[in-house]
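Chemist: The structure is given below, and queries will be raised subsequently.
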Amino acid sequence: MSSPAVDPRERDLLRAAVVRLRSRVMAITFALVGGTGLFVATLWLVIRGGPNVGLHLGLLHNYFPGYEVTWSGSLVGFAYGALVGAALGWSVAWVYNRVAERRNPA
C-alpha cells in the first residue's frame, strides 16, 4: 500500500495552517494561569500570616493600583494577573505566528 500523492501546494497550505497558534486560546490560557498564580500566592501569604505578611508581593501595588496582600486583594490580584497574562499570551502567539509566516510563506 502506498500513500496517495499530495500536491505540494496543498502541503504548504496545510503546513501554514498547522504552524499557527490561536491567539485567543493562548490569551485565555495565560490569563487563567497568571490570574490563578497571583490569587494563590496572595492567599498563601494571607493564610500563612506573620508580622510582615507579603512584604515583597505587596510591592505589586506600585504596578497594580488597588492590589494588597489581603483576602479582597487576592481577587484584585486575580483580575490583574489575568489581564497581564492575556496580554502576554496574545503577544506570544502574535510574534510566533509572524515568525512562522516568514519561515513558511503560503
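Chemist: Determine which single condition Arg22 fails, assuming it passes every other condition in (1) in contact (Cβ under 8 Å) with a residue 24 or more places away in the chain; (2) surrounded by fewer than 16 Cβ atoms within 10 Å (Cβ to Cβ); (3) more than 21 Å from the chain's Cα centre (by Cα).
Modeler: All conditions are met except number (3).
Chemist: Within the group Thr42, Thr29, which residue is part of a helix (DSSP H, G or I), free of Cβ contacts under 8 Å to residues at least 40 places away in the same chain and not aromatic (Phe, Trp, Tyr)?
Modeler: Numbers: Thr29 fails: free of Cβ contacts under 8 Å to residues at least 40 places away in the same chain.
Just a single option satisfies the conditions, and that option is Thr42.
Chemist: Here's another thing I want to ask about it. Please identify the pairs in which a residue from segment 94-106 that is more than 15 Å from Leu14 (Cβ to Cβ) has its Cβ atom under 7 Å from the Cβ atom of a residue that is in a helix (DSSP H, G or I) and modelled with pLDDT of 90 or more, counting only partners at least 6 apart or on another chain.
Modeler: Trp94/Ser23
Chemist: Give segment 51-97 a look and list any residue that's surrounded by 17 or more Cβ atoms within 10 Å (Cβ to Cβ), of a type in the set (Phe, Trp, Tyr) and part of a helix (DSSP H, G or I), or say none.
Modeler: The answer is Phe78, Tyr80, Trp90.
Chemist: Test each condition in (1) in a helix (DSSP H, G or I); (2) within 24 Å of the chain's Cα centre (by Cα); (3) free of Cβ contacts under 8 Å to residues at least 40 places away in the same chain for Arg11 and report the one that comes out false.
Modeler: (2)
The values are calculated or read from the model by the stated rules, or taken from the named source; none is laboratory data. Just so it is clear, the model here is predicted, and its values are computed rather than measured. Because the Cβ atoms are built from the backbone with ideal geometry, glycine has one as well, and the counts that use them run over all protein chains shown.
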